[in-house]
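Visitor: Starting off with a structure, shown below.
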Protein chains: 2
Amino acid sequence: MENGRASTKPISQVTCTAPVNIAVIKYWGKRDEQLVLPINPSLSVTLSQDQLCTRTTVAASVDFKRDRIWLNGQEQSIDTPRLQKCLGEIRRLARKRKHEEERSGDLLGCCVHICSENNFPTAAGLASSAAGYACLVQSLARLFGIDGDVSHIARQGSGSACRSMYGGFVEWTMGRAEDGSDSVAKQVAPAEHWPELRVLVVVVNAGKKAVGSTEGMQTTVRTSALVAYRAEHVVPSRQDDMKRAVLDRDFQAFGEITMRDSNQFHATCLDTYPPIFYLNETSKQIIHLVHRYNRHHGKVKAAYTFDAGPNAVLYLLQDDVPEVLALLKHFFPANANNDSERTFVRGLPDVCRKDVSSDLLDSVGLEPSPGAVQYIIHTKAGQDPQVLTNPQQALLDENGWPKKQN
Amino acid sequence: MENGRASTKPISQVTCTAPVNIAVIKYWGKRDEQLVLPINPSLSVTLSQDQLCTRTTVAASVDFKRDRIWLNGQEQSIDTPRLQKCLGEIRRLARKRKHEEERSGDLLGCCVHICSENNFPTAAGLASSAAGYACLVQSLARLFGIDGDVSHIARQGSGSACRSMYGGFVEWTMGRAEDGSDSVAKQVAPAEHWPELRVLVVVVNAGKKAVGSTEGMQTTVRTSALVAYRAEHVVPSRQDDMKRAVLDRDFQAFGEITMRDSNQFHATCLDTYPPIFYLNETSKQIIHLVHRYNRHHGKVKAAYTFDAGPNAVLYLLQDDVPEVLALLKHFFPANANNDSERTFVRGLPDVCRKDVSSDLLDSVGLEPSPGAVQYIIHTKAGQDPQVLTNPQQALLDENGWPKKQN
């Protein structure tokens, strides 16, 4: 047992959960790599933590010899630039506030232990870094007694993490300041503003991982002739239109802008040299399904968006969930040797089953692709990061060491 | 037998062949649908007619009761706007020249018979309309004794057909005149200018045909926020760079611009609403293959381009053909039940076989996809439309009726 485990000195510990967010106006491209400043504003929906979240416990003790981090049960190097940036910024802020407010700064000399887990497979490509850095920064801010917005710190861990610092509908302003202080996340509307909105995360069976998003967006900014035009001349008005659509709960506008912006983001990836492809054949089938579904009904009833991978995220209204789920199950049935239907659709309590008309099936007219979709997560908009006060929910024990796995 | 077949009056008849062309700066989008005026200039390579061409015979006789057309053995309606436009423009020009030059205008009162065939499958998606309209217009111009450039007439049949009126490297100028008279094709350099250049047409096994190019480009111009920027701010300088690359026989520049422009054209298709996808998984694999092949050699030795379909056209230099063919055969082998290798690669006389190093195979590192490629046509740059004088090569008999199929 390492020195420190047997300590009887009190340690400080905080546990938080933080949500995933899915952008409807996409972030792709930095104007400052160090400060993680984007080339355009973006806007996202924070998803409920009941289905998808990261949980993180941070502890500080004079007995800890060095900062350490455990992710999903494995110790990882703490010496990555992004982790160091977040830790450094939190400590700098804590030091500054101690000085300004004459607070106690007992923890400033302490090393920290960090333990973090996702309640969903990291490999699923579900933007886990946003939830992860949001949770880390939120936990550390609480531990060091920092109040107020710390989204600019989360941003420096992973750009889109700043948007996971708020619940509901969140914009990340581009900012103009050189130090990045005005490139922060702001809530546009709380989750309760649009209670009927639902989200289906369609996890697609993918081959090996394509280009990572950090490298991908660097290459796009360096080589695409279109991405700067998008950032300067397309996104700003789209961002305004999207905010209006959210505030008006105008699903027609919300859905159409969401799809157009996803497509344009992937268009700039294709305009990259060498080109980057994130959509696979299943992604394209889902895109066709959604457009044909909407055309069948004569209006936008479902909208897709894709991040840096083949998984689709569908936005839709509560009343249409049974029909869209039935369509997805019809055209992307689970493999025969797959689990039961309950595990194929996960998340919110089962919606009533819906039989789809043969008219609608004909309108969609795809060849069914068994096994192309792994599973579907049914969720909705949700809250900002939460503090868990029950020590049983902490990932570190009372001495600040990872609890034994069950 | 119809009236007219038994006629003994002399008829006028002309047979021509015309080439396919493959753009390296893409045409996508019209600023005038009626006149077929493009939103940007484009540039293409005219391919040798030894491998890919259309043959057309036109005949005029006072005995013909109406204009008629037979395509690939089937009579088709002559009453399509594009055919009528070409016929009308040719007759208008013939009338004008008769008036100006006091020529004989005997044929002006005659109806015409048109018979046309491709020496390649139309279904292969090999831009047959460009060769088809070029051949039609060339044949009719000869028949009616019209000299000089008639690319503006071919353009009104199918935009890219104007580029098939010249051999070698051909630009289609955008033009500014309202009547479209300055939106014409011009030769940048003859085929002999760059004798080492080779072309591999990789015919991919595709599912059903995606959106046609006429409809596709209309939707792109109407809905893409990026395509106007491409046309106005990206293509003009690219066109200049490409002309310079051709004149300098600079394969590095030629290849890189070709790939970037293909990707950007497909990016604007993806930015269309609803999005248009022409590239399939095999297309993407070929793109990866080419980039990895070039990276392995530290320079651009092969370049891909894709039109409105999944087939790849590769440009490369003669010396690299054996290696690239070997790579294509390795990663896209013919199906076991497919024909022999000789029919898998068609066209220019067989190049010496080449063994590919395991290093190179590792660098490319794709999973082989048997059957994904149907066959490959090995060809090069070629000449403008040709007149065939041997009556045996005509598609109409001495009375102007389609010859019996063998």
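Visitor: Mind listing whichever residues of the stretch A:247-262 are at the interface with chain B (Cβ under 8 Å from one of its Cβ atoms) and either touching a residue at least 24 places away in the same chain (Cβ under 8 Å) or farther than 27 Å from A:Gly168 by Cα (or both)?
Guide: A:Glu256, A:Met259
Visitor: On to the next question. Given the condition in contact (Cβ under 8 Å) with a residue 60 or more places away in the chain, within 13 Å of another protein chain (Cβ to nearest Cβ), open to solvent by less than 20 Å² (accessible area, probe 1.4 Å) and not polar (S, T, N, Q), answer yes or no: does some residue in the stretch A:322-333 qualify?
Guide: no
Visitor: May I pose another question? How many of the residues in the stretch B:263-284 are at the interface with chain A (Cβ under 7 Å from one of its Cβ atoms) and in contact with a Pro (Cβ under 7 Å, 6 or more places away or on another chain)?
Guide: The total comes to 1.
Visitor: Quick check on the stretch A:76-86. Is at least one of its residues among the small types (Gly, Ala, Ser) and open to solvent by 40 Å² or more (accessible area, probe 1.4 Å)?
Guide: Scanning the stretch A:76-86 turns up at least one residue that is among the small types (Gly, Ala, Ser) and open to solvent by 40 Å² or more (accessible area, probe 1.4 Å).
Visitor: Let me ask another. Can you name every residue in the stretch A:220-232 that is over 21 Å from B:His266 (Cβ atoms) and facing chain B (nearest Cβ under 8 Å)?
Guide: None - no residue of the stretch A:220-232 is over 21 Å from B:His266 (Cβ atoms) and facing chain B (nearest Cβ under 8 Å), so the list stays empty.
Visitor: Please verify whether B:Ala302 is within 14 Å of chain A (Cβ to nearest Cβ), open to solvent by less than 10 Å² (accessible area, probe 1.4 Å), of a type in the set (Gly, Ala, Ser) and over 29 Å from A:Arg230 (Cα atoms), treating the condition exactly as stated.
Guide: So B:Ala302 fits the description; yes.
Visitor: Further question on the same structure: For the stretch A:27-44, what are the residues that are β-branched (Val, Ile, Thr) and touching an Asp or Glu at 6+ places or on another chain (Cβ under 7 Å)?
Guide: Matches in the stretch A:27-44: none.
Residue by residue, here is whether (1) within 25 Å of A:Val211 (Cβ to Cβ); (2) at pLDDT below 95; (3) in contact with a strand residue (DSSP E or B) (Cβ under 7 Å, 6 or more places away or on another chain); (4) of a type in the set (D, E, K, R) holds:
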position: A:Asp63; (1), (2), (3), (4): no, yes, no, yes
position: A:Ile78; (1), (2), (3), (4): no, no, yes, no
position: A:Lys85; (1), (2), (3), (4): yes, no, no, yes
position: A:Ala94; (1), (2), (3), (4): no, yes, no, no
position: A:Glu101; (1), (2), (3), (4): no, yes, no, yes
position: A:His113; (1), (2), (3), (4): no, no, yes, no
position: A:Gly125; (1), (2), (3), (4): yes, yes, no, no
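Visitor: Taking the stated definitions as given, is B:Ser237 open to solvent by 10 Å² or more (accessible area, probe 1.4 Å), within 13 Å of chain A (Cβ to nearest Cβ) and assigned to a helix (DSSP H, G or I)?
Guide: When the stated conditions are applied, B:Ser237 passes them.
Visitor: Being of a type outside the set (A, V, I, L, M, F, W, C) and out of contact with any Leu (no Cβ under 8 Å at 6 or more places or on another chain) narrows it down to one residue among B:Thr46, B:Thr17, B:Thr56; which is it?
Guide: The conditions single out B:Thr46.
Visitor: For residues that are more than 22 Å from B:Ser128 (Cα to Cα) and either out of contact with any helix residue (DSSP H, G or I) (no Cβ under 7 Å at 6 or more places or on another chain) or without any contact (Cβ under 8 Å) to a residue 24 or more places away in the chain (or both), tally how many sit in the stretch B:302-321.
Guide: Final tally of qualifying residues: 4.
Visitor: Is one or more of the residues making up the stretch B:386-398 open to solvent by less than 40 Å² (accessible area, probe 1.4 Å), within 20 Å of B:Gly132 (Cβ to Cβ) and touching a Gly at 6+ places or on another chain (Cβ under 6 Å)?
Guide: no
Visitor: Here is a further query. Condition first: outside the structural domain of B:Pro349 (by TED's automatic domain parsing), closer than 26 Å to B:Gly148 by Cα and among the basic types (Lys, Arg). Can you find one or more residues in the stretch B:230-244 that meet it?
Guide: Within the stretch B:230-244 (the criterion being outside the structural domain of B:Pro349 (by TED's automatic domain parsing), closer than 26 Å to B:Gly148 by Cα and among the basic types (Lys, Arg)), the answer is no, since none of the residues qualifies.
Visitor: Looking at (1) among the aliphatic types (A, V, I, L, M); (2) more than 20 Å from A:Ala23 (Cβ to Cβ); (3) open to solvent by 50 Å² or more (accessible area, probe 1.4 Å), which is the only condition A:Leu289 fails?
Guide: Going through the list (1) among the aliphatic types (A, V, I, L, M); (2) more than 20 Å from A:Ala23 (Cβ to Cβ); (3) open to solvent by 50 Å² or more (accessible area, probe 1.4 Å), A:Leu289 breaks only (3).
Visitor: For the stretch A:125-227, which helices (runs of 4 or more DSSP H) that fit wholly inside it have 3 or more residues that are over 20 Å from the mean Cα position of the chain (by Cα) and surrounded by fewer than 24 Cβ atoms within 10 Å (Cβ to Cβ)?
Guide: Answer list for the stretch A:125-227: A:213-223.
Visitor: Taking the condition among the polar types (S, T, N, Q) and either touching a strand residue (DSSP E or B) at 6+ places or on another chain (Cβ under 8 Å) or modelled with pLDDT under 95 (or both), does A:Thr258 pass?
Guide: yes
Visitor: I'm told B:Gln74 meets every condition in (1) out of contact with any Asp or Glu (no Cβ under 9 Å at 6 or more places or on another chain); (2) at pLDDT 95 or above except one. Can you identify the failing condition by its number?
Guide: B:Gln74 satisfies all of (1) out of contact with any Asp or Glu (no Cβ under 9 Å at 6 or more places or on another chain); (2) at pLDDT 95 or above except (2).
The values are calculated or read from the model by the stated rules, or taken from the named source; none is laboratory data. What you see is a predicted model, and the numbers here were worked out from it, not measured in a lab. Positions of Cβ are backbone-derived with ideal geometry, glycine not excepted, and every protein chain shown enters the neighbour counts. Just so you know, the surface numbers come from the protein's heavy atoms only, side chains and all, with ligands and any DNA or RNA stripped out. Shrake-Rupley method; radii C 1.70, N 1.55, O 1.52, S 1.80 Å.
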